[in-house]
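No value in this document is a laboratory result; all are computed from the given coordinates. Since this is a predicted model, take the numbers as computed values, not measurements. Here the Cβ is made from the backbone with ideal geometry for all residues, glycine too, and neighbour counts use every protein chain on show.
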């Protein structure tokens, strides 16, 4: 299907956008912080994306694309960094609105910080032969260190709750993009640049990549909405 990647973006964002005006979540009130977060984060990840595409670390199957490119990146890949974070952060806002009590993750947020910092460190030390693994783990580690020792934000409990919930749509969307249920891959990875462990068809590194993508967006959004980085 030539427009598969575009349709994934559209279907992912359509329902969250329609429910942005729902009174309980009132997601449109997040837009003041979310829109600059989406733009800033997208620029960082798209530069990374372009460089890795140039180096052949990953690429895109034209069979599933419209054929519109900016540099080496298809239009659909650019839209991905706006549509998927928007849809995902709607989940973050919805759970914050409907389930404000979050005792477990608030209590153990620091523990999850350390677990994921350890996972990133292991990736850097023992699996650094692949550029995707190395850069991905390093970027994730820096973000987590900043939150653990500098920002120390109270929203990290809500972030980790959201992160584990978002893995459900993450597996569905990334599974399709990496070949689950379709004849070929929409996005392919150079096996020399990854560990080789996969969740179905999804490289295990993508779980850290998505964590970094979402955490950077939420960090900037929360900063704009609150006006400060340091612990409240």
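By how many nm would the segment from residue 188 to residue 167 lengthen if fully extended, with 0.36 nm per residue of separation less the alpha-carbon distance? Walk me through the numbers on the way to the answer.
Working: separation 21, 0.36 × 21 = 7.56 nm, distance 2.00 nm.
Going from the current span to full extension adds 5.6 nm.
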Handout entry: Contour excess over end-to-end distance, with Cα ends at residue 104 and residue 1 and 0.36 nm allotted per residue
Key = 32.8 nm
Fill in the blank from the handout: Kirkwood radius from Cα pairs of the chain plugged into Stokes-Einstein at 25 °C, 0.890 mPa s, gives D in µm²/s equal to 134
Exercise for the section: May I ask you to compute the full-extension gain from residue 66 to residue 125, defined as 0.36 nm times their residue separation minus their alpha-carbon distance, rounded to one decimal in nm? Expected result: 17.3 nm
Problem - Label-to-label distance, nm, for residues given as residue 82 and residue 223 (7 Å Cα→Cβ offset) - result: 2.2
Exercise for the section: Quick one: check the C-alpha center-to-center distance for the range 193-227 versus the range 1-75, whole angstrom. Expected result: 14
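Order by neighbour count: 32, 103, fewest other Cβ atoms within 10 Å first, most last. Write down the numbers at each step before the final one.
Values: 32 11, 103 8.
Fewest-to-most ranking of 32, 103: 103, 32.
What's the ranking of 115-126, 78-89 by average number of surrounding C-beta atoms within 10 Å, highest first? It would help to have the intermediate numbers written out before the result.
Values: 115-126: 15.9, 78-89: 21.7.
Highest to lowest by the protection proxy: 78-89, 115-126.
Give me 153, 23, 2 sorted ascending by neighbouring Cβ count inside 10 Å, so fewest comes first.
Details: 153 22, 23 6, 2 12.
The most exposed by this proxy come first: 23, 2, 153.
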Completion exercise
Each label sits 7 Å from Cα toward the beta-carbon; between residue 11 and residue 149 the label points are separated, in nm, by 4.4
